[in-house]
Amino acid sequence: MLYGETIYLRPFALLDADELLQFLIENKTFFEQYSMNRSNDYYSLEYQQNLIKKWEEDSKKDIEYKFGIFQKNNDELIGTIQLFQINRGSLQNAIIGYFLDKKQNGKGYATEATKLIVEFAFNILKLHRIEAGVMPHNIGSIRVLEKSGFHKEGIAKKNVKINDSWEDHQVLAIINPND
């Protein structure tokens, strides 16, 4: 587990599947603005259980690390954060992605979680670089990344298909200061 001031990050376990499913259903409309299309079965307990099993395997293989963001005061799941597409060898990089409960936006939780996972990536995983892609109109997410030390690098044109439309993404990155 990774502990911050007000939150902690913990890898998902099968026991979290119900809470994760509820979190996703409650935020479905909000998250769909920024994420790829999801099939209807994505919003089922079985699908979430299978995803959690996959995440456990992927972390053992060092290709993806997915954490729940939990409030310290009540252990409530308020978000997810992950490092994925981890490349080793001469690249030593990953992509960061996160989702925060709509009701929790603007309270500093995403910034705190981002700083925790960056510290994990640089100090434990020994990655050199972390990248993020954010739709340019998602100012809140860009601010989270900038407050966490990421710098803007440019616009990736028609980079990710969201709601059946290829969307531009602001590319941001952070470099391990120890390298």
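Numerical summary
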quantity: Stretch gain in nm, segment residue 92-residue 165, where the contour uses 0.36 nm per residue and the Cα spacing is subtracted; calculated: 23.2 nm
quantity: Fully extended contour minus Cα-Cα distance, from residue 14 to residue 124, at 0.36 nm per residue; calculated: 37.2 nm
quantity: J(HN,Hα) series, region 39-54, from Karplus relation 6.51 cos²θ - 1.76 cosθ + 1.60, nearest Hz, glycine and proline x; calculated: 6, 4, 6, 4, 8, 10, 4, 4, 4, 5, 4, 5, 4, 4, 4, 4
quantity: Answer label for semi-axes √(5λ) of the Cα gyration tensor in Å (calculated), chosen among (i) 29, 21, 15; (ii) 23, 20, 17; (iii) 28, 25, 18; calculated: (ii)
quantity: Hydrodynamic radius of region 1-72 per Kirkwood, over alpha carbon pairs, in Å; calculated: 13.2 Å
quantity: Helical contribution to [θ] at 222 nm, DSSP H n ≥ 4, -39,500 (n - 2.57), averaged over the chain, rounded to 500; calculated: -9500 deg cm²/dmol
quantity: Residue exposure sequence - 151, 169, 128 - by fewest surrounding Cβ within 10 Å; calculated: 151, 128, 169
quantity: Rounded, prolate or oblate (a/c below 1.5 giving rounded, otherwise prolate when a/b exceeds b/c) for region 78-163 by Cα gyration tensor; calculated: oblate
quantity: Residues with amide H under 5 Å from that of residue 78, placed H, sequence gap 5 or more; calculated: 69, 70, 71
quantity: Listed residues 165, 90, 59, most fluctuating in the chain (Gaussian network, C-alpha, under 10 Å); calculated: 90
quantity: Across 28/126; 66/147; 61/158; 54/152; 53/161, pairs whose alpha-carbon gap is larger than 23 Å; calculated: 28/126; 61/158; 54/152; 53/161
quantity: Full-extension gain in nm, residue 28 to residue 5, via 0.36 nm per residue minus C-alpha separation; calculated: 5.5 nm
quantity: DSSP-defined beta bridges in region 2-175 - what % are antiparallel, rounded to 5; calculated: 90 percent
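We did not get these values from a lab; they are worked out from the coordinates using the rules stated. Computed from a predicted structure; not experimentally measured. In this analysis, Cβ positions are derived from the backbone assuming ideal geometry, glycine residues included, and neighbour counts consider all displayed protein chains.
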